[in-house]
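Trainee: Take a look at the following structure, please.
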Amino acid sequence: MISKKLDEQIERIGQMERRLERVHDVLERLDAVLDEYESVQDDLQALDQYLGSPEWRADCRAAEAGRLPSDMPRGVLSEDGIWNLLERRREIGDRLRDSATSAC
């Protein structure tokens, strides 16, 4: 018969093993997403530079004047669209920094 202490140890080790596996799986997925995020940094920089630029203003005027195809996506001409995306990037960066420092 297994002692109560040994039962508790076996249960604890099993719980910790499940936690280890869960964290490992999440970190693997996060690493893959971070690789993908790193691959869009040039796109983010280009959008940041485009917003409010003379080209962006000209593109907005063309849209307002009806010179662009009516079925053309134009989310980039919404000031809030790009700004919200850039703000979301900042918030996620802050969150990653906060979670990294709280883990230490």
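Trainee: Given Cβ point charges of +1 (Lys, Arg) and -1 (Asp, Glu) and nothing else, what value in debye, to the nearest 20, does the dipole of the stretch 1-101 about its Cα centre take? Please list the in-between numbers first.
Mentor: Values: 16 positive and 24 negative charges, 74 e Å.
With Lys and Arg at +1 and Asp and Glu at -1, about 360 debye.
Trainee: Which of 34, 20, 47 moves the most in a Gaussian network model of the chain with Cα springs under 10 Å?
Mentor: Among 34, 20, 47, the largest mean-square fluctuation in the Gaussian network model of the chain belongs to 20.
Trainee: Next question. Putting +1 on Lys and Arg Cβ atoms and -1 on Asp and Glu Cβ atoms, find which of 32, 10, 76 reaches farthest to the positive end of the dipole of the chain.
Mentor: Farthest towards the positive pole: 10.
Trainee: Looking at [x] 11.1; [y] 6.1; [z] 8.5, which value of mean projected area of the Cα convex hull in nm² comes from a calculation on the structure shown?
Mentor: Recomputing mean projected area of the Cα convex hull in nm² here picks out [x].
Trainee: Count charges around residue 11 for me, please; just the other residues with Cβ under 12 Å from its Cβ, Lys/Arg as +1, Asp/Glu as -1.
Mentor: +1
Trainee: If you don't mind, there's one more thing I want to ask. Alpha carbon centre of the stretch 37-67 versus the stretch 1-15: separation in Å?
Mentor: For the stretch 37-67 versus the stretch 1-15, the Cα centre distance is 61 Å.
Trainee: Cut-off 10 angstrom, C-alpha nodes, Gaussian network model of the chain. Which of 78, 70, 39 fluctuates the most?
Mentor: The residue that fluctuates most here is 70.
Trainee: Roughly what angle does helix 4-38 make with the longest principal axis of the chain, taking Cα atoms, 0 to 90 degrees, to the nearest 10?
Mentor: Roughly 20 degrees between the two axes.
Trainee: Using a cut-off of 12 Å between beta-carbons, work out the net charge of the residues near residue 35 (Lys and Arg +1, Asp and Glu -1, residue 35 not included).
Mentor: Within the 12 Å Cβ shell, the charges total -3.
Trainee: Would you mind getting me the FRET efficiency between residue 49 and residue 27? Use the beta-carbon distance for r and R0 = 35 Å, nearest 0.05.
Mentor: That gives a FRET efficiency of 0.60.
Trainee: Determine the sum of side-chain charges near residue 68: Lys and Arg each +1, Asp and Glu each -1, restricted to other residues whose C-beta is under 11 angstrom from that of residue 68.
Mentor: Overall, the nearby charge balance is 0.
FYI, it's all coordinate maths here, none of it is from the lab. As the structure is a prediction and not an experimental result, all values here were calculated from the model. In this analysis, Cβ positions are derived from the backbone assuming ideal geometry, glycine residues included, and neighbour counts consider all displayed protein chains.
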